[in-house]
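The values are calculated or read from the model by the stated rules, or taken from the named source; none is laboratory data. In this text the structure is predicted, and so the values were computed from the model without any measurement. Neighbour counts are summed over all protein chains in view; Cβ atoms, including those assigned to glycine, are modelled from backbone coordinates with ideal geometry.
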Amino acid sequence: MPDTYSPKRISVRRRFVHLMFRYFYSIIIIVLLPLIIFAYRKKLTHNDALNGRSFKERFGLLPKSFQANGIHIHCVSVGEVNASIGLIKQMQIDYPELVITVTTSSTTGAVHAKNMLGESVQHCYLPFDIPFCIYLFYRRIQPKLVLVTEVEVWPNLMAYCYKNNIPTILTNARMSFKSLKKYKKLKWLFRPTFRQFNVICAQSSESFNNFVAFGVYKKQLKLSNNMKFDLTLDSRDVELGQALQAKLNPNLRPVFLAASTHEPEEKIILDAFKKLKECIPELMLFIVPRHPQRFEDVHQIIKATGTKVIRHSKTKHSFKSDDWDCVLIDAMGKLKACYSICNLAFVGGSFAKKGGHNALEAALFSKPAIMGPSIFNNPSICEILKEKDALAVLKNESELLGIAKEWLLNADLSKELGAKGKNVIAENAGAIEKTMQIIRSVMQ
């Protein structure tokens with residue numbers, strides 16, 4: 001494997017210490033397993049899009065139809081799936097003979113992977129990080145290469161790959177200062193785990209330096225930049241947006257989009273929306289909750305404020321948009337279409353202290369965006385967009401109304417700021433090709 005790092009064999013003492021920590025870690029997972037199973041089964045049972053999927057996947061038990069000797073790529077949830085789509089498609093071009101197995105941890109990630117990739121890949125849940133479950137999973141798919149996206153690293157999974165000489169790459173790797181502090185508290189478990197990767201593709205200079213500070217060897221690290229910048233417009237999203245416009249907003253009222261929201265962000269946005277309506281009476285609000293299991297709860301939250309709301313799932317035909325002020329998008333796979341028809345977007349997870357979701361999706365459609373103070377998931381992206389005036393990062397909820405009002409009332413300014421966001425994407429693209437060069441060198 002030219003120009004790539006081969007994980008070092010550690011001393012007997014350190015190997016023993018790491019093994020003891022892994023045993024203790026595995027015991028904790030096994031003890032908590034009944035609670036974990038209850039939480040995961042509830043999510044799977046209540047998701048119609050995943051009918052036919054077996055909970056046995058969580059234990060590494062896959063259907064006999066699953067093919068082996070391909071590439072395994074793990075994406076935690078929706079954000080990681082989005083970041084990896086371009087990479088997966090490029091791998092399918094470079095290695096058409098190899099089956100790609102995509103795993104996710106969350107139910108929303110599983111639904112999104114199914115919607116975005118269809119039958120072009122094998123997709124299932126990543127099994128619980130228990131040695132026997134990992135063994136069953138990899139015995140079935142026997143990958144030639146394992147890719148882990150961004151930051152979710154599982155010690156027993158990595159130990160299996162390391163022991164069986166399966167090359168591993170951490171793609172689009174992110175290590176924020178907050179993550180660094182957390183990992184340092186468990187360094188005896190996670191430092192050896194990170195050192196087992198053949199290559200870690202850091203998405204930013206900050207992440208690169210934080211990996212070094214944690215104890216990752218520099219020979220393992222490559223600065224590949226952030227794959228999230230490698231976004232391209234999909235004509236299907238544009239067409240779906242046009243269909244939504246014709247169906248939900250035929251009168252072309254201005255739209256304020258609340259994207260990927262968490263509790264209590266719907267209430268915050270609804271409070272601001274009521275005040276915005278005083279100066280922009282024709283304004284509409286589209287709300288897209290992050291998790292489908294919250295659709296009904298969010299519907300009740302909207303109704304409780306007295307806002308006239310209709311659910312997307314209840315509108316089989318077009319309707320008079322003047323009769324409604326708010327549309328709840330209670331379906332997966334519609335978010336980008338909503339970005340294409342909005343005038344201004346709020347990106348969720350940023351007032352809810354979830355670290356904020358991907359503001360580049362708004363920039364892709366040349367729309368200015370607003371976020372709350374919690375942006376630790378994508379700090380470098382937010383900083384670049386903020387510097388170019390395509391994103392407003394608010395210190396508190398009280399600033400939301402002023403910025404939204406200014407940008408909604410000034411259409412020319414909004415278009416100018418949105419165009420700056422689109423330029424940011426064009427100027428920073430290229431991470432997928434850098435990552436593919438690394439994958440090619442490892443696969444030789």
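Being among the polar types (S, T, N, Q), in contact (Cβ under 8 Å) with a residue 60 or more places away in the chain and assigned by TED's automatic domain parsing to the domain that holds residue 252 is a property that residue 300 lacks.
When you look at residue 56, is it of a type in the set (D, E, K, R) and not in a helix (DSSP H, G or I), yes or no? Judged against the criteria, residue 56 is not a match.
Among the residues of the range 242-257, is any part of a helix (DSSP H, G or I), touching a Leu at 6+ places or on another chain (Cβ under 6 Å) and of a type in the set (Gly, Ala, Ser)? No: the range 242-257 contains no residue that is part of a helix (DSSP H, G or I), touching a Leu at 6+ places or on another chain (Cβ under 6 Å) and of a type in the set (Gly, Ala, Ser). When residue 89 is tested against (1) basic (Lys, Arg); (2) farther than 16 Å from residue 53 by Cα; (3) touching a strand residue (DSSP E or B) at 6+ places or on another chain (Cβ under 9 Å), exactly one condition is not met: (3).
Highlighted here are the helices (runs of 4 or more DSSP H) found entirely within the range 396-444 that include at least 1 residues which are under 24 Å from residue 83 (Cβ atoms) and small (Gly, Ala, Ser): 411-428, 431-443. Considering each residue of the range 335-349 in turn, none proves to be in a loop (DSSP other than H, G, I, E, B) and among the charged types (D, E, K, R). Here the range 311-331 is the region considered, the condition is being surrounded by 17 or more Cβ atoms within 10 Å (Cβ to Cβ) and in a loop (DSSP other than H, G, I, E, B), and the residue that is modelled with the lowest pLDDT is 324.
Here is a yes/no grid of residues against (1) of a type in the set (A, V, I, L, M); (2) under 22 Å from the mean Cα position of the chain (by Cα):
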position: 330; (1), (2): no, yes
position: 335; (1), (2): yes, yes
position: 357; (1), (2): no, yes
position: 374; (1), (2): no, yes
position: 387; (1), (2): no, no
position: 403; (1), (2): yes, no
position: 409; (1), (2): yes, no
position: 431; (1), (2): yes, yes
position: 441; (1), (2): no, no
